[in-house]
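What follows is a single structure, written as structure tokens, with notes after it.
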Amino acid sequence: MTDEPEAEKPAPEQTTELPDPGTRRTPMIGRLAPDGHTDRFVRFQELEVPRTGSPDATAPLVTPDDMEPPSGPSDAAIRAWVLLEGQAEEVLKVGERICQPVETKINAIRLAMDLFARTRHEAEERLAGLPPDVQPLIRALLGRAASNPRLARQMQVACFQYSDATRALDALRERLKRAGELEPPASTVFLEALPLPKVRGKYYIVTNFNVTFRGDPLLGKLFPPRSPNKQTAPAGTEPGKNTTELPSTAKATGPIPEAGFWDTVRGKLGRQKPKS
């Protein structure tokens, strides 16, 4: 007998089968190979996922890419806004405490400077239209401006500086209100557009009016030097006293009228204080 060679078996046919639609591929990164080294390529493992609608259906797998970002501002953005809002409110509070007591005094200077720019006849007519208790003070301020050109210039600059400070406070108040209607970090960005140090610098000048008019017999009494133990008090004010009146040593010129009066006089001299 001769040994016949065995017939070669045909190689199994290689076919590429598409994965069942009910399967899902998930990445397996860094699987160890038999030799102990990590695969350098991303491999995939098929996981059976029941078809949608079957009795055994479960929720599909969720990958990090499918997760929605958290809604609303982050904790860091909220903390930044709360800090900035508190600083802005403090700046506004201090600025108002400095500027409000000085308002009537600056309005008196502004009124005198308006008359100073007019002819003598016109100034006398407008003075006659003011309340009797206001005329002595305005006439005294007008006399100081007429006798000292340098002082007149300082009075004009003081009026401008005060107006600049109050405009900055108004802008901060409005911006703070509008920023409160936004969510962080948009509110923080909107409020930061108005630098707080710039606002502080504007009303800080108002506290130095006592230095500007130091030595003048009238304006030096309108804005007296601050006491060493009252450094935080605005120029020309003392706690517990009516800040709308001149110091007792200057009452010969007459008291400064109440703040409500100046609201009726702004730019319209000769109008009387309305009856209550």
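The values are calculated or read from the model by the stated rules, or taken from the named source; none is laboratory data. Since we're looking at a predicted model, the values are computed, not measured. When we count neighbours, we look across all protein chains shown, and the Cβ atoms used for this are built from the backbone with ideal geometry, even at glycine.
What the table shows:
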read-out: Any hit, segment 99-121, residues being under 21 Å from residue 221 (Cβ atoms), surrounded by fewer than 17 Cβ atoms within 10 Å (Cβ to Cβ) and among the aliphatic types (A, V, I, L, M); value: no
read-out: Residue 94 being within 30 Å of residue 187 (Cβ to Cβ) and either crowded, with 18+ Cβ neighbours inside 10 Å or out of contact with any helix residue (DSSP H, G or I) (no Cβ under 7 Å at 6 or more places or on another chain) (or both); value: yes
read-out: So residue 174, is it at pLDDT 95 or above, assigned to a helix (DSSP H, G or I) and either of a type in the set (D, E, K, R) or within 33 Å of the chain's Cα centre (by Cα) (or both); value: yes
read-out: Residue that is farthest from residue 162 (Cα to Cα), among those in segment 126-138 that are part of a helix (DSSP H, G or I) and free of Cβ contacts under 8 Å to residues at least 60 places away in the same chain; value: 128
read-out: Any chance residue 179 is small (Gly, Ala, Ser), closer than 30 Å to residue 218 by Cβ and either without any contact (Cβ under 8 Å) to a residue 60 or more places away in the chain or surrounded by 19 or more Cβ atoms within 10 Å (Cβ to Cβ) (or both); value: no
read-out: Listing of helices (runs of 4 or more DSSP H) fully contained in segment 179-276 that carry 2 or more residues being modelled with pLDDT of 90 or more; value: 186-192, 196-206, 209-212, 219-222
read-out: Matching residues, segment 82-91, being buried (at least 17 other Cβ atoms within 10 Å of the Cβ) and not hydrophobic (A, V, I, L, M, F, W, C); value: 85
read-out: Within segment 155-170, tally of residues that are without any contact (Cβ under 8 Å) to a residue 24 or more places away in the chain and either more than 20 Å from residue 212 (Cβ to Cβ) or within 11 Å of the chain's Cα centre (by Cα) (or both); value: 1
read-out: Sole residue being small (Gly, Ala, Ser), modelled with pLDDT of 95 or more and either within 22 Å of residue 170 (Cα to Cα) or outside any helix (DSSP H, G or I) (or both), chosen from 95, 72; value: 95
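So that you can scan it fast, the table gives a plain yes or no per residue for (1) within 30 Å of residue 185 (Cβ to Cβ); (2) among the aliphatic types (A, V, I, L, M); (3) in a loop (DSSP other than H, G, I, E, B):
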site: 76; (1), (2), (3): yes, yes, no
site: 85; (1), (2), (3): yes, no, no
site: 89; (1), (2), (3): yes, no, no
site: 101; (1), (2), (3): no, no, no
site: 107; (1), (2), (3): no, no, no
site: 112; (1), (2), (3): no, yes, no
site: 115; (1), (2), (3): no, yes, no
site: 121; (1), (2), (3): no, no, no
